[in-house]
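The values are calculated or read from the model by the stated rules, or taken from the named source; none is laboratory data. Worth saying up front: this structure is predicted, and the values here are computed from it rather than measured. All Cβ positions, glycine included, derive from the backbone under ideal geometry; neighbour counts span all protein chains shown.
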């Protein structure tokens, strides 16, 4: 079920670093020490995404990985987007 603007604002307040983008996305950039650290992170994201059956758009730009989430079937953001975002944050290992 598509979230309201108020629910989206509350969800963003609960997940560190994620921002609203173009009204229908939430996105976050993760920066890594090395290219391979970023690739290892993407592999962890892939495992989480498969388990949740909810997959982000992933952009890899050398040592920066950007994740973007939305729920196409709902026409916007859902609770699952925020659940996934929180789990992706948990997969991020700071150096």
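Rundown of residues vs (1) touching a residue at least 40 places away in the same chain (Cβ under 8 Å); (2) out of contact with any strand residue (DSSP E or B) (no Cβ under 9 Å at 6 or more places or on another chain), yes/no style:
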position	(1), (2)
29	no, no
34	no, yes
41	yes, no
74	yes, yes
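If you go through region 83-95 and keep only what is in a helix (DSSP H, G or I) and either at pLDDT below 95 or more than 8 Å from the chain's Cα centre (by Cα) (or both), you end up with 83, 87, 90, 91.
Here is the figure for region 11-27: residues that are surrounded by 12 or more Cβ atoms within 10 Å (Cβ to Cβ) and assigned to a helix (DSSP H, G or I) total 2.
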